[in-house]
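Undergrad: Below is a structure I'd like to ask you about.
The values are calculated or read from the model by the stated rules, or taken from the named source; none is laboratory data. Predicted, not measured: the structure shown is a model, and the values here were computed from it. Neighbour counts are summed over all protein chains in view; Cβ atoms, including those assigned to glycine, are modelled from backbone coordinates with ideal geometry. The protein model used for the area step is the full one, side chains on, heavy atoms only, and it has no ligands, DNA or RNA in it. Shrake-Rupley method; radii C 1.70, N 1.55, O 1.52, S 1.80 Å.
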Amino acid sequence: MVLRRGLALLLLCALASLAGAQHSDTVFPPEDPLRRVVKPIQIGMEAFSSKMEAIKALGREPLGLVLAGGSARAYAYIGMLEVLEERGIYPDFIVANSMGAIIGLLYAAGLSPAMIGELVTTVSIEKYFDLVFPFNGGLINVDAFEAIMKDLIGEVDISELPIPVIITAEDLNTRRKTEIAAGDFSRVMSSSFAMPAIFEPKAFEDALMVDGGSTTLVPIAQAVPHSSLLIVATALYNRPLSYGNPITVLNRVFDIGKTRTGMEDLLSASPFIIRNDVEGISYMEFSRPKGIILRGRESAESAMDDLVRWLPPEAVQSRISPDLEAKRKHYKETLAPKLDAYRRGALPRLDASLRLSPYWGLLRPIQPAYVGIDMLGFGGLGIRLAAGGTRAFLGGLVGLGSAQSGNWAVTAELLTNPWDSLIWGSQLRMLGDFGNDFPYLKPESLGLSSGLWWELGEENKKLEPFVSTNLEYELTSGNLGWETETGLSVAALSLGGSSGAKEGIGNASSYYSLRASAFAQGGALPFGWGPSLGLGAGLSIADSACLRSKVSGRSALNGAGMGIGRWELYRGKAPNILAAFSSTASIELAWYARALEFDAGEFLLGDSVELGPYIDFLWYTSDGYPSSKADFLPKAFTAGLSLSATLRIAGLNPLELSIFGGVSDLGDFSFGIKSGRLFPAGY
């Protein structure tokens, strides 16, 4: 009896406990925003589902292609798509996020893999990312990139694409995953890769979107409800890292959740997987798309036999749809001339905008190209205006080095592209020093630099007429110096090497360049006028090194004594001369130093490194041309080591940097830094 009473008491206590417990439906009622976090927002999904049901009504399962995120590694999908098409495999729908969404959307819009490859090798994505103050939730603005996509593809709703798509993103407002199957093409694309805190979030309908890859790299969960026949392509990151760098630790912590979720979904769905061999490549390596595309092709080829056996017969050797074929014909006619204009420097047309923006420059304004280590440049902020093909900036800068003069600047800059690749640029800058007495800022000089140039020609052959004018007014002395020049430059690059070799000049078997111009100068400068000529040539050696040279000179036909011209490359301490004729010649053996390339914490990447010895010669005479045997002997020379590299910071527009150090025939040591390459693009 006691036992039965005890059991009854325990049962009553348990029931009382259950009765008092609060159910999740009570704590989080249906209208609670936190409860809805787990339910995705769906945009245009009803129409998408109807398209899939129509395919199933024909008696076959839709073939879905899932493209994971991976930043630059996602270029591998281009090579993979080439192989799929060669085997007659065309997806019925695409699900993608992050960088995979860029490739997926372009393909779904009607671009062939070859067209996409041409686009990404012509339009460097980083070039159209602009650094801004994070007033809008990110450090990088992509309005220029979005404008290019709108120009190339048109104002298209993704629900109308020949291949239906689902693009995933995350809504900051509601914390809900968003499945997008309808909306403006360029806006959906920029929403898909808006990496949190790096890129500005994108407003889309009532949502504020960031990269869907921030929570899962492989968006297969959004594809599973629509088909059991799925091909998943990955471009994951998986290589040993050093965790002494806090940025590396932060990046890895951010990566853990999205990679884990993606792998969990991938393993539970059991699709066919093409694992692209790109997992050791940095997300910032946008400079070598051809090599990454090749890896994607090789990865797909190695998996193709298994894929063909796995697919049902009707999914292999299928035909391209009429809608897709019509779009490809359209883009084949319209894409090439637009890409060519961007390659030659045309600016994307932007909506009017005004932003507070940071500014930095390696070189002192209105100064010779090379600077000593005591003056490494300027940094500051200002107002940046963009409208159509015009860009303007007004700001204040502070010197970053220790030079005793020119420690601050106020700059106004204007760049406009009225037509094709015709560009007019102008800079007006005031330089000054910091004083000890009020008003503390002592203006020293005003400088104006203005130029007009127009690049013409094909990808590896270019013709560029130009005209430029430079003025400098010394406020302390009242002296005004001016120089103007007009001319023409031509260049040709003959490509060689195997597919997938190092890109850039490393793929060049030979090149040449020629520049011819007429100049005049005066004011505080000795008045002089005459011709200026330059010739460059180079030869690549087995895609590992390049032997190149550059000769340049100018002559004052009126016999005026002048200094070395701005085109002359002499990396030494040039004598303080006033010569009617001056010329320089440079010979350099550059090693394409892949071994010196580096990345730090997936934040800073240094690539396209060139390292090698150089020797520069200098000639000058008091006459307008060499007139004796002695004049043909160099008056000075310097030899040393030159290093050039491309620095990429968090996906920003790359910074080209050249550093050199050498010793002259007199034993003087020289050191210099230049923004840009001494031999840009091999020319």
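Undergrad: At a 10 angstrom cut-off on C-beta neighbours, averaged per residue, how do the peptides 654-666, 551-563 rank from highest to lowest? Don't jump to the answer; show the numbers that get you there.
TA: Numbers: 654-666: 17.2, 551-563: 19.2.
The peptides rank, most packed first, as 551-563, 654-666.
Undergrad: Quick check on my link table: of Lys150/Lys290; Lys202/Lys462; Lys39/Lys202; Lys550/Lys573; Lys56/Lys258; Lys442/Lys550, which ones sit more than 29 Å apart, alpha carbon to alpha carbon?
TA: Lys202/Lys462; Lys56/Lys258; Lys442/Lys550
Undergrad: Work out, step by step, the length gained on full extension between Asp631 and Ala518: first 0.36 nm times the residue separation, then minus their alpha carbon distance; give nm to one decimal. Please list the in-between numbers first.
TA: Numbers: separation 113, 0.36 × 113 = 40.68 nm, distance 2.29 nm.
That works out to 38.4 nm of additional length.
Undergrad: A further question on this structure: Bin width 10 Å, alpha-carbon pairs only: give the P(r) of region 553-676 as whole percents, running from 0 to the bin holding the largest distance.
TA: 13, 34, 26, 17, 8, 2
Undergrad: I want to check the label-to-label distance for Trp310 and Leu381. Put each point 7 Å from Cα in the C-beta direction and report it in nm to one decimal.
TA: The answer from the label model is 5.1 nm.
Undergrad: Also: For region 95-216, taking Cα atoms only, what is the radius of gyration to one decimal and the Dmax to the nearest whole Å?
TA: For region 95-216, the Cα-based Rg and Dmax read 13.5, 39 Å.
Undergrad: With a sphere of radius 15 Å drawn around the Cβ of Val663, what net charge do the other residues whose Cβ falls strictly inside it have (Lys, Arg +1; Asp, Glu -1)?
TA: Numbers: positive: Arg571, Lys573; negative: Asp616, Asp665, Asp668.
With Lys, Arg at +1 and Asp, Glu at -1, the net is -1.
Undergrad: Using the Cβ atoms and a cut-off under 11 Å, what net charge is assigned to the surroundings of Ser159, where Lys and Arg are +1 and Asp and Glu are -1? Provide the component values of the computation, followed by the final result.
TA: Values: positive: Lys51; negative: Glu46, Asp157, Glu160, Asp184.
Within the 11 Å Cβ shell, the charges total -3.
Undergrad: Among Glu118, Glu455, what's the order by accessible area (1.4 angstrom probe), most exposed first?
TA: Values: Glu118 85, Glu455 30 Å².
The ranking, largest first, comes out as Glu118, Glu455.
Undergrad: If you take the charge dipole of the chain about its Cα centre, with +1 on Lys and Arg Cβ and -1 on Asp and Glu Cβ, which of Gly451, Gly676, Gly528 is farthest toward its positive end?
TA: Gly676
Undergrad: So what's the convex hull volume per residue for the Cα atoms of the chain, in Å³? Walk me through the numbers before you get to the answer.
TA: On the way: hull volume 152.1 nm³, N = 683.
Hull volume over Cα atoms, normalised by residue count, gives 223 Å³.
Undergrad: Note the angle between two axes, namely the Cα long axis of helix 246-269 and the longest principal axis of the Cα atoms of the chain, as a number of degrees from 0 to 90, rounded to the nearest 10.
TA: The two axes meet at around 40 degrees.
Undergrad: Against the longest principal axis of the chain, how steep is helix 143-153, in degrees 0 to 90 to the nearest 10, with axes from Cα atoms?
TA: For helix 143-153, the angle is close to 70 degrees.
Undergrad: Evaluate the Debye formula for region 30-132 with equal point scatterers sitting on the alpha carbons, no solvent, and hand back log10 of I(q)/I(0) at q = 0.10, 0.15 Å⁻¹, in q order, two decimals.
TA: -0.41, -0.79
Undergrad: On a C-alpha basis, how far is the centre of region 294-311 from the centre of region 322-349 in Å? Whole number, if you could?
TA: Here the two parts' Cα centres lie 29 Å apart.
Undergrad: Moving to a separate point now. Given a 1.4 Å probe and the protein chains all in place, what does the accessible area of Asp157 round to, in Å² to the nearest 10?
TA: Counting only protein heavy atoms, Asp157 exposes about 50 Å² to solvent.
Undergrad: Next question, about the same structure. Just to compare against my own numbers: the Cα pair-distance distribution for region 263-322, 5 Å bins, whole % per bin, please.
TA: With a bin width of 5 Å, the distribution comes to 4, 14, 18, 17, 20, 15, 10, 3.
Undergrad: Using alpha carbon centroids, what distance separates region 544-576 and region 447-478, in Å?
TA: 18
Undergrad: Let me ask something else about it. Ordered by packing density, taken as the mean number of other Cβ atoms within 10 Å over each peptide's residues, highest first, how do 75-88, 564-577, 46-59, 520-533 rank?
TA: Numbers: 75-88: 23.4, 564-577: 18.9, 46-59: 12.6, 520-533: 16.7.
Result, highest mean Cβ count within 10 Å first: 75-88, 564-577, 520-533, 46-59.
Undergrad: In Å, the Kirkwood hydrodynamic radius of region 130-185 over pairs of distinct alpha carbons? Intermediate values should be presented prior to the final figure.
TA: Working: mean 1/r = 0.0749 Å⁻¹.
Value: 13.3 Å, from the Cα pair sum.
Undergrad: To continue, here is another question. For the chain, what does the helix formula give at 222 nm: sum of -39500 (n - 2.57) over DSSP H segments with n ≥ 4, over the residue count, nearest 500 deg cm²/dmol?
TA: On the way: 11 runs with 156 residues, N = 683.
That calculation yields -7500 deg cm²/dmol at 222 nm.
Undergrad: Rounded to the nearest 10 degrees, what's the angle between the helix 289-310 long axis and the longest principal axis of the chain, both from Cα atoms, 0 to 90?
TA: Helix 289-310 sits at roughly 30 degrees to that axis.
Undergrad: Separate question: Calculate the length of the line joining the C-alpha centroid of region 181-218 to that of region 224-254, in whole Å.
TA: Their Cα centres are 18 Å away from one another.
Undergrad: Highest mean first, how do 638-646, 129-137 rank when packing is the count of other Cβ atoms within 10 Å averaged over residues?
TA: 638-646, 129-137
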